[in-house]
Amino acid sequence: MLFRSYKVKPGVWAIQKTNAGLKLLPTSFVSDKILDSFVSTTHITDKIDCFFKNIHVYYEMGFEVAKRAALLYGPAGTGKSTAITQISNKYTADGKTAVIIWHTDKFEAYMVKDFIKSFEYVGVEKIILVAEDIGGVEIDQARIKSDSSLLSLLDNQEKTFTIPTFILATTNYPANFMGNLTNRPNRFDDKIEVGYPTTDQRSKLLDFFAKGTASEDSKAAIASNGAKEFSPAHIREVVIRSKIHDKTLEDVIKEMIKEIESYKKGFEKGGRMGFDN
């Protein structure tokens with residue numbers, strides 16, 4: 001697929017498809033102020049900062065273009081999207097960075113690779129390519145294939161990237177990946193886990209969502225081992241469910257713990273939630 005020269009300016013852009021082909025449309029994120037205060041991106045931005053501040057190392061090592069990639073992984077609802085929002089806002093603030101959002105479920109690697117090769121950068125000194133939900137959005141999609149175009153993109157074999165580039169990919173299912181994608185430097189150099197909230201964070205989130213009305217019993221319940229896989233989204237649902245069903249926070253927490261246990265057992269039996277095909 002051939003593309004004409006495509007001018008790219010600083011800002012946050014999403015790859016979109018039109019009748020004329022792929023193009024970049026300006027995009028923005030709705031910041032979740034609640035999660036912003038609980039999701040720290042320092043461990044991610046430190047790695048990105050180290051890369052952009054030490055571009056010379058790559059040239060000294062014989063690379064034509066400095067490129068680095070990181071895989072951001074963890075369960076759904078744990079803050080990966082919030083991290084992307086914070087990172088996009090942080091780096092585009094310098095007026096020299098373009099953040100390109102690639103929804104991998106919509107566009108194949110070969111299309112994106114060819115599109116990026118057509119970029120003509122205007123006032124852009126570095127780019128961050130965000131590959132969202134790489135490896136699939138459903139666990140039953142099985143292990144991601146070692147697509148030659150994706151490998152070529154990550155390796156920059158065809159000189160897709162011509163200016164310093166950091167690729168940040170996100171996935172809910174790291175187990176879906178083949179080893180030659182994740183266990184090889186220069187493809188995904190860093191693997192960064194975004195995990196569930198800690199015991200203390202779960203208690204604080206519950207009290208925050210409940211506007212300071214969470215009882216000691218409900219805090220103890222949310223801090224229990226049974227709730228260790230509660231994401232911020234789960235905890236917000238606890239408060240919503242307690243209000244619309246007129247139940248105590250503690251009862252809802254116990255109810256949701258049982259739901260998660262039943263859900264897991266359904267997959268352990270094989271098939272989706274224990275149903276036969």
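Probe radius 1.4 Å, ligands and nucleic acids left out: which of D251, D105, D246, D155 has the largest accessible area, and how do the rest follow? Could you put the intermediate results ahead of the total?
Details: D251 80, D105 105, D246 135, D155 25 Å².
If we order D251, D105, D246, D155 from most to least accessible, we get D246, D105, D251, D155.
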I'd like the accessible area for H43, computed on protein heavy atoms only with a 1.4 Å probe and all protein chains in place. Round to 10 Å², please.
80
Kindly rank 156-163, 216-223 from highest to lowest mean number of other beta carbons found within 10 Å of each residue.
216-223, 156-163
Charge-dipole axis of region 148-261 as Lys and Arg at +1 and Asp and Glu at -1 on Cβ define it, positive-most pick from N172, I257, Q201:
N172
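Beta carbons within 10 angstrom, averaged per residue: use that to sort the peptides 110-116, 44-50, 69-75, highest first.
Details: 110-116: 19.7, 44-50: 15.1, 69-75: 21.4.
Per-residue Cβ counts within 10 Å, averaged per peptide and sorted highest first, yield 69-75, 110-116, 44-50.
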Could you state the accessible area per residue of region 46-138 in Å², with a 1.4 Å probe and every protein chain left in place?
42
So, taking all protein chains as they sit and a 1.4 Å probe, how much accessible area belongs to E125, in Å² rounded to tens?
110
Taking a probe of 1.4 angstrom, what is the accessible area of V122 in Å², to the nearest 10?
60
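Accessible area of region 87-139 with a 1.4 Å probe: how many percent of it is carbon plus sulfur? Could the numbers behind the result be given before it?
Working: 900 of 2050 Å².
Its accessible area is 44 percent carbon and sulfur atoms.
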Among the listed pairs K23/K47; K90/K159; K90/K228; K67/K228; K53/K90, those beyond 25 Å (Cα-Cα):
K23/K47; K90/K159; K90/K228; K67/K228
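The values are calculated or read from the model by the stated rules, or taken from the named source; none is laboratory data. What you see is a predicted model, and the numbers here were worked out from it, not measured in a lab. Because the Cβ atoms are built from the backbone with ideal geometry, glycine has one as well, and the counts that use them run over all protein chains shown. We work out accessible area using only protein heavy atoms, side chains counted, and drop any ligands, DNA or RNA first. Shrake-Rupley method; radii C 1.70, N 1.55, O 1.52, S 1.80 Å.
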